Amino acid sequence: MGLTCAETLLRNRVKEKLGWTITLGRSANLTKPINGRAPCHYCGPCERGCTTHSYFNAAFTTVPDALKTGDCTLISNAMVYKVLMDSDRNRARGLLYIDRVTRQPKEIYGRVVILCAQALESARILFNSANTQYPSGLANSSGALGHYLMDHLWVAGGATGEFPELAEKPALSAPHRPNGIYVVRFRNPHGGPSYPKFLRGYGFQGGGGTTFKWRAPGFGEAYKRGLLDPVTTVHLSGFGECLPRWDNYVELDPNVVDAFGIPALRIHMTFGENEHAMIPDMAESAVQMMEAAGARNIRPFTVPDRVPGKGIHEVGVARMGSDAKRSVLNQFQQTHDVKNLFVMDGSCFTSSACQNPTLTIMALAVRSCDYLMGEMKRGNI
């Protein structure tokens, strides 16, 4: 998928003058036919669904593929409450869930239990599965369950610039493309020079094209005429890494249950000094890139009071590690305490990095499933 003229200009001049890399952001859309799914035809509103199945999501791809094998049963409207245990053998034997329609509790059993409910939900399930052997939460002998919660420092700083020499015909949505551009992290790169203001760093997501001049001056007819004057802009918004801290954690709320009677989480999280130190730098570096590209009417922005939860990229509450006394999972997302219990979502992360976490979650899940299948064939699980 190609860049717009303004994005190409920005990429080339930033690389030439600053040495930073701008590329097309990753997307989950096909560019050629695969397994009966058509290539993306750039209609635009991917969030509304995809009739051609060009856009990857579980409903179009992995779930149908699993159902076709005949070895998968899909149970809809199931709100998992807790993991059921065989305490005599310290093994998970299934799940208790609440039917969302009937509100009745039901049980399902299996040789292995894999939680992949999203980091916070998986942690809630483990906390709600506490028993006499694991009174502070299932598989929580380390006490680390729920701790080291991370979320991206989302759109906390950046800038927008105009490129009037590239303006042509305005459009409501430009470009009709399912993704934007990405500025690869340039602060504290691996093997590169360190940056003194903070640890780790941030990347930028953004994009640009020619649109209507929404900031046109005047009212009525004057505004309408000005609106049709095309303006080409590029915007950049920073996504910063959140460092893992023990003090950022979740626990069960003793006084709150959800609509299904399941105890809810209480969340304790703030961004620390390191995250806040990135915010002004996001705006400054975004302006540097706009100036390098020759943009006009550059408008930087910062959100100094940005709070966690905006990125919705929660990770880290059942971290992996080699030391069972300090972590919940091993390198294959298998709980240290219960050998046939796995957690294959973002819970295992020990760092949030600055990129969106989905591809990493998927890669780790594939790796862990490969390990699990091998262990089951060998009779170890």
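Give me the residue from the stretch 174-225 that is of a type in the set (Ser, Thr, Tyr) and modelled with pLDDT of 90 or more and, out of that set, farthest from residue 237 (Cα to Cα). So the residue we want is 194. Scanning the stretch 26-50 for residues that are surrounded by 14 or more Cβ atoms within 10 Å (Cβ to Cβ), touching a strand residue (DSSP E or B) at 6+ places or on another chain (Cβ under 9 Å) and part of a loop (DSSP other than H, G, I, E, B) returns 27, 28, 30, 40, 50. Against the test of being aliphatic (A, V, I, L, M) and not in a strand (DSSP E or B), the options 259, 264 yield a single qualifying residue, 259. Considering the conditions (1) touching a residue at least 40 places away in the same chain (Cβ under 8 Å); (2) touching a strand residue (DSSP E or B) at 6+ places or on another chain (Cβ under 6 Å); (3) not assigned by TED's automatic domain parsing to the domain that holds residue 164, residue 334 is excluded by exactly one of them, (1).
Just one of the listed residues (345, 323) is assigned by TED's automatic domain parsing to the domain that holds residue 143, touching a Leu at 6+ places or on another chain (Cβ under 8 Å) and modelled with pLDDT of 95 or more, and it is 345.
Set side by side, the residues 215, 245, 177 differ, and just one is out of contact with any Asp or Glu (no Cβ under 6 Å at 6 or more places or on another chain) and under 30 Å from residue 146 (Cβ atoms), which is 245. When residues in the stretch 342-381 are screened for being assigned to a helix (DSSP H, G or I) and closer than 30 Å to residue 205 by Cα, 14 of them pass.
From the list 294, 316, which one is touching a residue at least 12 places away in the same chain (Cβ under 8 Å) and surrounded by fewer than 18 Cβ atoms within 10 Å (Cβ to Cβ)? Residue meeting the stated conditions: 294.
Could you please let me know if residue 80 is within 25 Å of the chain's Cα centre (by Cα), loosely packed, with under 14 Cβ neighbours inside 10 Å and outside any loop (DSSP other than H, G, I, E, B)? So that I can check it myself, show each step before the final result.
Working: within 25 Å of the chain's Cα centre (by Cα): yes; loosely packed, with under 14 Cβ neighbours inside 10 Å: no; outside any loop (DSSP other than H, G, I, E, B): yes.
Answer is no for this residue.
Looking at the stretch 344-363, can you tell me whether even one residue there is more than 25 Å from residue 86 (Cα to Cα), without any contact (Cβ under 8 Å) to a residue 60 or more places away in the chain and surrounded by 19 or more Cβ atoms within 10 Å (Cβ to Cβ)? There is at least one residue in the stretch 344-363 that is more than 25 Å from residue 86 (Cα to Cα), without any contact (Cβ under 8 Å) to a residue 60 or more places away in the chain and surrounded by 19 or more Cβ atoms within 10 Å (Cβ to Cβ).
The values are calculated or read from the model by the stated rules, or taken from the named source; none is laboratory data. Every value quoted in this text rests on a predicted model; they were computed, and no experiment measured them. Heads up, the Cβs are rebuilt from the backbone with ideal geometry, glycines too, and the neighbour counts pull from every protein chain shown.
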